[in-house]
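*Asks:* One structure, as C-alpha cells, below. Some questions next.
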Amino acid sequence: MTQAALRDTSVDVFEKNQEWWWAAEKKRSTRLDYLRKAIWKKGAIGGLYAPGVKVDLERAKLHTQKAKEMEASPDPFVMKFAKILAHVLDNKTIFITDQAQLVGYTGSLPHTMAWDPSCASILNEEAYNDPTAIPDPVDENQQVIREICNYWIGKSDLDKMMPVFDMEDLMKMLSGSIGWGVPLARGGYSNKDYEYIMTGKRAFGDIIEELDRKIDEVDAEVHKPGATAETARMYDKLNNWDAMKITLEAGIRIAKRYARLARIIAENFEEDPQRKEELLKIASACEQVPAKPPRTLQESFQYDIFIQMMSRNEAIEGAWPSRPDYYHGPYYDKDVNIDKTLTKEEALDLVGEFLIRAAEVCQFKPKWTREGLQGIDGTWVWTMGGVKKDGSDACNDLTIAFMQAARLVRVANPTFSFRWHPKVSDEVMREIFECIRQGLGYPSMRHDPVLIANSMHWHGHPIEEARTWVHQACLSPCPTTKRGYQPMRMANATANCAKIIEYVFSSGFDHVVNMQVGAETPDVATLTNFEEFFGAWIEQMKTIFSILVRAVNRARMLAPTLTPRPFLSGISERSIESGLDTCEPSLAQGNAWITAFTWVENIDSLAAVKKLVFDEKKYTLAELKEALAKNWEGCEEMRLDFVINAPKWGNDDDYVDDIMLRCLDEAAKFSKVLKCPSGNNWPILPENVSGNIHYANIVGALPNGRRLGDALYDGGVSPGPGLDKNGPTAVLKSCGKIDHITGGRAFLLNQRLSPTQLADEKGYQLWRAYMRTWADLGIDHIQFNMVDDKTLRSAQKDPEKYQEVIVRVAGYSAHFVDISRKTQDNIIQRTVQGLG
Amino acid sequence: MSRRDEKRQAYTSMLIPEKKEDSSAKRVGQKICGTCKNYMESSWSNDGRGSCSCLKMGSNISISPPLYVLDGKEGYLTKTLSDAAACKYFDKMKMIDKDGYECSDPIYRRSMRQLQQND
Amino acid sequence: MKCTECGNVVPVKDFRYLYNARIDSSISIRQCTKCETWLAVDELNGVVTQAVGAGEAPWGKSAGIEGVAAA
C-alpha cells in the first residue's frame, strides 16, 4: 500500500507562488520522495560530471578481462563479443535500492557511470584524463585505467574502423569543428523493434526457442551434400544466431540474480512485512521477465528497464526511444481498471519510480556529449500520445498518469514529447498544459499528422508503420517496426552548421582547429553579388554534410562485421528471421537524417550580408571579412549595425524568411542526392541540444553580430534570443512558411512563455488558442519554458534551494542548476512571449 | 612523402593514443604545449589532442633539433601534454582556465587532470 | 581598460572575452586575466561597468514581457 503524503496547507502557498518544486516535494508519496532524493545527478555541468559521480571501473575490468581470455578462442568475433557481454552481466555487482519496486542499473553502484572501454581508444583517454571522476583511491585506480587503456589501443571499434575510413574526413570530423559524434554502431542511439518485443506476444524465452529452431534447421541444411555461396553465408547466420542466443540467455540470468537477491533480503534481513512483500514481488517480477512476457504493470516496466540495461551493456546509448504509454498502457488498464490489483495512487508510485530509474541511468561519455547534453546523460525523449496504426487516438489512462507522475518527481530526463492530433481530448491537453505550466519544460508538442506525412515523404515508410513512430533522439521520428526501425543512429551525422557561413569568409579554413575543413571557395572579398555569395554558402553546406555522411555510411556498411550488435539483433524480428546483424542495411528501410545544429545563424547572417553589403552597400565584403577576423574588436558600432539594422528570423519578415526557405530548399535538394546504405534520403533536422554552448568558443565571429565565445542561438528554427521582436504570432508565422513535410525532417522551435500570464483557466484557454494557430500553420514542433527571470536569477545565486527547477534547454530539459552559467544566461535571454 | 601521406601520418598519430608507461601523478613540466598561448585544445574530447596556431604541419618539436615549419595553412598537430621545452616559439599563457564546469574554450581552458596542479 | 577589482590596466582585447548574453547589447562579460574576475564591459566605450557575480545580469531583463512574467 502506498504511503500517501499528508495534505499540507503549505502546498497551496507554494502553488500560489508557483514554487512547483516545493509543492511537488510535499505532494509526492514518502516512497517517491525518498527515491527522488536518492538519485545521483549524472549529467555533466559544462564538461564535468558532478562531484561524487565516478567512473565505474568494474565493467571496464570485466570486459577487458574476458576479452583477454577470449583472444585465443576460435570463436568468430560476434560470438566472442556476445560472450564478453554475457560475462559482464553474469559478474557485475547488482543492488536493490531501498524502497524501490524496480531494479536494474548500468553501473555497479548508484553513483557510478558504466565505462565501455571497447568503443574508442581516444574516448578511453577521457577516463584517464578526467579531473574529478576517477574513483578513490585515485593513484591505484589510475594504474587500473592505464592498463585498460593500453589494452584497447588498436583493438577498440574506432581503432578498427580507422584503416577503412578516409583519414582526412575522419580527422575533420574528430577535430571538433563541424561534427558532433562518432561513426560507430556502438556509440549513438538505438531504436528498438518494439512491435516485436514489447507487445506482450513474446519475450526472451520465446525468441530463444525460435533461434534454436532456426539454428537446428540451418545446421542440418549446411551439412547436407552440396555447397554453394549461400552455404557459406549460412555459417555467418549460424554464428549470429548463436551470439543472439548467448546475450538473451545472459539477460535472463541477470534478472534471476536480481530475483535471488530480492528473496535473500526478504527472507533473511527485512523485518518490515510490507517491504518484505514488495521484495518478493520484485523477485517474482524478475523471475517472469525478461524470460516470459510481462503480466502486470510492474513487470512491464521491469522488462523495459532490463532491455535498456542490456542495450547499454552492448553499446553506448545516447538516447532512449520509447513510447511508454502505448506499450505499457494495456498493463496499466488491466491492473488499475480491470483486475483492480493496483489503486491509481499505487500505479502512480510505480510510474514515478519508472521515471526515476530512467533518470539515474548513466554511461561515461566523452566531452562533446557532456557539453552538448549538459545536465543529462542522454536524451530520453519519451513519445506520448499519437495515434494507433489504424489512425485512432492512442492516448490512454497511462498517458495521464505519466503527466501526473512527472509533476511529482520532477526529473528533467526522461522528458516527454507529445504527438498531438486533432482528436486529443481536452482532459489530456489540460494535463499537458499543467506540466508545462509547472515549469517542467515538457511535453514538447509534435504535430502528428504532419510528421506521419513527413516520414512517408522522406523515407517511404508505409502509413501503418509511420504511425508507430517514436523519437529516435530529440526530434526525429522513427517507426518501431520490423523494417522501419533504425538500429543505430550515429550522432556523427550532426553538423555544426554555423561553420557553413563562417567558412564562406575563410574559404573553408578553420582558425580554431587550424585545419582546412570546408571547401576552398573563392576569397569572399572577390564575390560581387549576393548570388555568388549564396553559391559559396551552398558549396560549403554540401561539403560539410558530405564529410559527415560519408563516414556514417561507411560505418553502417561495415557495422555488421566489424561492430556487430548481437543483443539488439536478438530482439529484432528482421535479424531473427534472416540471421543477419540488425545493422545490415539491406534489411532496413532507412531512416537517416542530418541534425543541423546552429542553423539559424546562417539565415540571419545571409540576410545581414544581403541587406548591408549588397542592397544598401554600406560595407564591403572585404571590410566585413576583416571585422570578423578581428572578432569585431574595435568594430562595435558596425557589429550593432549588423545586429539591429538587418532583419532577423522569427519576425514574420519575408526578407529574411525567404532566405530561410531558400537555404532549406537547397538542403532538401541535396538531401536527396545523399543516400544512406539502405538507399534512402538524408534530410536535415535543425535542432541544437546544448550544442549552442558547446560550440560557442569554436565558431568564430559571424555577420549576424556574434563574437567567438557568444552562445549560439538555441536551435532549430528558434529565433535568436531576444531577436524575435514582433510577438509570438510572428514567430509562428515565420515558422509556418516552412513546409514541415518536405522542407526537412523536423524543426525544433523553443518558445518562452510567462507563468504569470498563463495561470488559471484563462491561461489554459490562451495556450489552447495559441496551439490551434500552431497546428493550423502545420508546424511540426514546439516546446516551452515557463519560468520567470526572478526564479532563475535566484537559482543562480542559491542553487541549493532550487535543485528541482527545470528548464527546457532545446530538445531536452535539464535542471537549471545542472547547466553552466553561460547556458543559464542563454536561456534567460530568450524572449518571454505574451499570448493573447 | 606526398602531402596526403604526410597528413595521414600526422592524423593517425593523433587518433591512436600512445601506450602509457606510468600513470603515477607526476607534475607535468611547465613548458608543455598545453600551457602555450599558441595552442588550441581539441573541443571534441579530453583525449589531449590539439593544434598549434603558430607552427604549421610538418613541424616537429619532439626531435632534436626541433623542426619548425612556418609556411602553409594547416596547423601542427600536437598534444596538450607534449614537451615544449625545446620550442623557441613557446609563449606561456598568462591565465589558464581550469574550470571544467564551463564548456570548451580551446584558447584558454585546460580541464585535464594532469594540469590541475600545474601553476 | 582598467579592472575595477585589481586595477590591472591592459588593452580591452587582452581581457578574455567570455560572452555576451544579449547579442543586441553592447554589454558583454570579459575576464581579467590577472585576478580572473568576471567583469561587465561596455564594448562601445571600452570601460568596465561592474564585476559580475552569481545571479547578476548586467544586460537587464529578458526581452519580451518579462515585466509581466516577474509580477
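*Asks:* Determine the equivalent ellipsoid of the stretch C:12-51 by diagonalising the alpha-carbon gyration tensor, then write out the semi-axes as square roots of 5 times the eigenvalues, largest first, rounded to whole Å. Working shown, then result.
*Replies:* Values: eigenvalues 50, 20, 15 Å².
Gyration-tensor ellipsoid for the stretch C:12-51: 16, 10, 9 Å.
*Asks:* Still on this structure: Along the principal axes of its C-alpha atoms, what lengths does the stretch A:375-493 span, in descending order and rounded to whole Å?
*Replies:* Computed over the Cα atoms, the extents are 39, 35, 20 Å.
*Asks:* Now for a different question. How much of the DSSP beta bridge set in chain A is antiparallel, as a percent to the nearest 5?
*Replies:* Roughly 35 percent of the DSSP beta bridges within chain A come out antiparallel.
*Asks:* Would you work out the charge dipole size for the stretch B:29-118 about its Cα centre, treating the Cβ of every Lys and Arg as +1 and the Cβ of every Asp and Glu as -1, and quote it to the nearest 20 debye?
*Replies:* 220
*Asks:* To continue, here is another question. Below 8 Å, C-alpha to C-alpha, sequence gap of six or more: please give me the relative contact order for the stretch B:29-118 in percent.
*Replies:* Relative contact order of the stretch B:29-118: 34 percent.
*Asks:* Residues of the stretch A:275-302 with backbone nitrogen within less than 17 Å of a virtual label 7 Å along the Cα-to-Cβ line of A:LYS256, please, listed as ranges.
*Replies:* A:283-293
*Asks:* For the stretch B:29-118, what is the Kirkwood estimate of the hydrodynamic radius, computed as the reciprocal of the mean inverse distance between distinct Cα atoms, to one decimal in Å? Present the calculation step by step, with values, prior to reporting the outcome.
*Replies:* Details: mean 1/r = 0.0764 Å⁻¹.
It is 13.1 Å.
*Asks:* Please sort by residue number the trypsin sites (Lys or Arg not before Pro) in the stretch A:199-268 whose DSSP state is loop and whose Cβ has at most 10 other Cβ atoms within 10 Å.
*Replies:* Of the trypsin sites (Lys or Arg not before Pro), the ones in loops of the stretch A:199-268 whose Cβ has at most 10 other Cβ atoms within 10 Å are A:LYS201.
*Asks:* Looking at A:VAL504, A:THR481, A:GLY441, which one has the Cα that reaches farthest to the positive end of the dipole of the stretch A:410-552 (charges on Cβ: Lys, Arg +1; Asp, Glu -1)?
*Replies:* Looking along the dipole axis, the top candidate is A:THR481.
*Asks:* Continuing with this model, one more query. Considering only Cα-Cα distances, which of the following residue pairs are longer than 31 Å: A:LYS41/A:LYS92; A:LYS16/A:LYS37; A:LYS630/C:LYS61; A:LYS648/B:LYS56?
*Replies:* Over 31 Å apart, Cα to Cα: A:LYS648/B:LYS56.
*Asks:* Let me ask something additional. Please get the size of the charge dipole for the stretch C:12-51, origin at its Cα centre, with Cβ charges of +1 on Lys and Arg and -1 on Asp and Glu, quoted in debye to the nearest 20.
*Replies:* Dipole size: approximately 120 debye.
*Asks:* Please list, or write none, the aspartates and glutamates whose alpha carbon is within less than 17 Å of the alpha carbon of A:LYS733, excluding same-chain residues fewer than 8 places away.
*Replies:* Here the aspartates and glutamates satisfying the reach criterion relative to A:LYS733 are A:ASP604, A:ASP652, A:ASP653, A:ASP654, A:ASP657, A:ASP658, A:ASP724, A:ASP776, A:ASP780.
*Asks:* Follow-up question, since we're still on this one. Set the bar at 25 Å for Cα to Cα. Now go through A:LYS256/A:LYS367; A:LYS625/C:LYS13; A:LYS725/C:LYS2 and name every pair that lies beyond it.
*Replies:* On the way: A:LYS256/A:LYS367 36 Å; A:LYS625/C:LYS13 18 Å; A:LYS725/C:LYS2 35 Å.
Violating the 25 Å Cα-Cα cut-off are A:LYS256/A:LYS367; A:LYS725/C:LYS2.
*Asks:* Ratio of the protein assembly as shown's C-alpha Rg to 2.2 N^0.38 Å, to two decimals?
*Replies:* On the way: Rg = 27.7 Å, N = 1026, 2.2 N^0.38 = 30.7 Å.
After normalising by residue count via 2.2 N^0.38 Å, the value is 0.90.
*Asks:* Now for a different question. May I ask you to list the trypsin sites (Lys or Arg not before Pro) in the stretch A:414-492 that are in a DSSP loop and have at most 15 other Cβ atoms within 10 Å of their Cβ? Write down the numbers at each step before the final one.
*Replies:* Details: sites: A:ARG419, A:LYS423, A:ARG430, A:ARG437, A:ARG446, A:ARG467, A:LYS482, A:ARG483, A:ARG489; in loops: A:LYS423, A:ARG467, A:LYS482, A:ARG483.
Filter output for the stretch A:414-492: A:LYS423.
*Asks:* Next up: Suppose we flag GluC sites (Glu not before Pro) only when DSSP calls them loop and at most 14 other Cβ atoms lie within 10 Å. Which is the longest uninterrupted stretch of chain A?
*Replies:* Values: sites that count: A:GLU71, A:GLU271, A:GLU520, A:GLU616.
For GluC sites (Glu not before Pro) (loop position, at most 14 other Cβ atoms within 10 Å), the longest site-free span of chain A is A:272-519.
*Asks:* Skipping prolines and chain starts, which residues have an amide H placed within reach, meaning under 5 Å, of the one on A:SER813, given they are 5 or more residues away or on another chain?
*Replies:* Answer set, sorted by chain and number: none.
*Asks:* For chain C, report the % of Cα-Cα distances exceeding 19 Å.
*Replies:* Of all Cα-Cα pairs in chain C, 33 percent lie more than 19 Å apart.
*Asks:* Oh, and also: Can you give the FRET efficiency for A:ARG483 and A:LYS292, using 1/(1 + (r/R0)^6), R0 = 30 Å, r = Cβ-Cβ distance, to the nearest 0.05?
*Replies:* The formula returns an efficiency of 0.65 here.
*Asks:* What's the percent breakdown of Cα-Cα distances in the stretch A:560-707 across 10 Å bins, shortest bin first?
*Replies:* 10, 27, 26, 16, 12, 8, 1
*Asks:* Stick to Cα atoms and the Kirkwood definition of Rh, then tell me Rg/Rh for the stretch A:3-97.
*Replies:* Ratio of gyration radius to Kirkwood radius for the stretch A:3-97: 1.27.
*Asks:* What is the Cα coordinate range of the stretch A:646-763 on the first, second and third principal axes, sorted by size from largest, in whole angstrom?
*Replies:* The Cα atoms of the stretch A:646-763 stretch 51, 36, 28 Å along the principal axes, largest first.
*Asks:* Express the relative contact order of chain A as a whole percentage, based on alpha carbon pairs under 8 Å and six or more residues apart in sequence. Kindly include the intermediate steps, with their values, before the conclusion.
*Replies:* On the way: 1687 pairs, mean separation 127.3, N = 836.
Answer for chain A is 15 percent.
*Asks:* Still on this model: Give the lysines reachable from A:LYS542 as a straight Cα distance under 16 Å; neighbours fewer than 8 places away on the same chain don't count.
*Replies:* The qualifying lysines are A:LYS172, A:LYS499, A:LYS669, A:LYS672, A:LYS675.
*Asks:* Taking the Cα centre of the protein assembly as shown as origin and charging only Cβ (+1 Lys, Arg; -1 Asp, Glu), how large is the dipole, in debye to the nearest 20? Before the final figure, lay out the partial values.
*Replies:* Numbers: 129 positive and 140 negative charges, 190 e Å.
So the dipole magnitude of the protein assembly as shown works out to roughly 920 debye.
*Asks:* For the stretch A:1-96, run through the trypsin sites (Lys or Arg not before Pro) and keep only the ones in DSSP coil with at most 16 other Cβ atoms within 10 Å of their Cβ.
*Replies:* Loop-located and lightly packed - A:ARG7.
Bear in mind these aren't lab numbers, they're just calculated from the coordinates by the rules spelled out. Predicted model, so just to flag it, every value in this text is computed and none were measured. Every residue, glycine among them, receives a Cβ derived from its backbone with ideal geometry; neighbour counts consider all protein chains shown.
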